[in-house]
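What follows is a short report on a single structure.
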Amino acid sequence: MRTETLQKLLLVLLIFLAVFYIFDFKKALKPFLKVKKTMLIEDLVSPNLLERKEAFDKLERLMRVPAARAAFEKNEDVLEEIVLITVKALNDPQQEIRAQAVKILSYQTKNVSKVVTYLIPLLQGRDKLAQSNALVLLSRLGLKARKTRVYVLPLLESESNAVRADAALALSAIDKIPDEKIRELMLLLDDADPITRRNIAKALANTGPRANEALPLLKKHVNDPDVFVRNNVIEAIKNITTP
């Protein structure tokens, strides 16, 4: 009996020490974590391509984890700096970094208004690459980015087919493509660029029965050489023909 009592007391003591240790350990880690965040920000803007790419890869992996996102959200200054750097990266000369920037910003569901504020100048600018990446990001943010509609609509008239397709994709996610634009936009299914075909097919899939006029052209691309185009075309046909 006495032995059991001692064992219980020892267990309680060990639990107490463990809790105390963990609490102090977290406290001790705070300066270290601050340094790590500073180092990450420095690497995101590094002139060294490899360092920059690894930093964006690391940040994208972190942002996938809800607990990590929550930690960043608690530190508003750090988060705002990261968002601003990442928005600028939408215009990075390296395609892989631009793609990671789109993913990272698409995780900012609690900071959509802040992200959108930074995107508007890109939509209004003349850089077609920046416009395209901003539009793809809007298509991921969805209805929460609806207030950008007024900035996206003019891009349906862009001289760039890629931007027009991206604008259609963004509109189909944040609001809807105007009926009178569907006919001319669906012709982008015949564009030489597979990414343009993918995005316009996805936009038509999001549009559903209103894009009924596009069915003959969509059926023509069921055997498109690009697998992503084929998948989006099949989805579009299904969404258009399903009541």
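The values are calculated or read from the model by the stated rules, or taken from the named source; none is laboratory data. In this text the structure is predicted, and so the values were computed from the model without any measurement. Every residue, glycine as well, gets a Cβ built from its backbone with ideal geometry; the counts of neighbours run over all protein chains shown.
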**Asked** Would you pick out the residues in the stretch 166-192 that are among the small types (Gly, Ala, Ser) and in contact (Cβ under 8 Å) with a residue 24 or more places away in the chain?
**Response** Ala167, Ala168, Ala170, Ser172, Ala173
**Asked** Are any residues in the stretch 143-154 closer than 20 Å to Leu185 by Cα and either at pLDDT below 90 or hydrophobic (A, V, I, L, M, F, W, C) (or both), and if so, which ones?
**Response** Val150, Val152, Leu153
**Complete:** (1) in a helix (DSSP H, G or I); (2) modelled with pLDDT of 90 or more all hold for Ile177 apart from (1)
**Request:** Would you mind stating whether Ala167 is at pLDDT 95 or above, closer than 19 Å to Ala99 by Cα and of a type in the set (A, V, I, L, M)?
**Result:** yes
**Request:** Within the stretch 204-243, track down each residue that is of a type in the set (Val, Ile, Thr), more than 16 Å from Asp191 (Cα to Cα) and in a loop (DSSP other than H, G, I, E, B).
**Result:** Thr242
**Message:** Among the residues of the stretch 213-225, are any small (Gly, Ala, Ser) and surrounded by fewer than 21 Cβ atoms within 10 Å (Cβ to Cβ)?
**Reply:** no
**Request:** Specify the residue that is surrounded by the fewest Cβ atoms within 10 Å (Cβ to Cβ); the eligible residues are those in the stretch 182-205 that are touching an Asp or Glu at 6+ places or on another chain (Cβ under 9 Å) and not aliphatic (A, V, I, L, M).
**Result:** Arg183
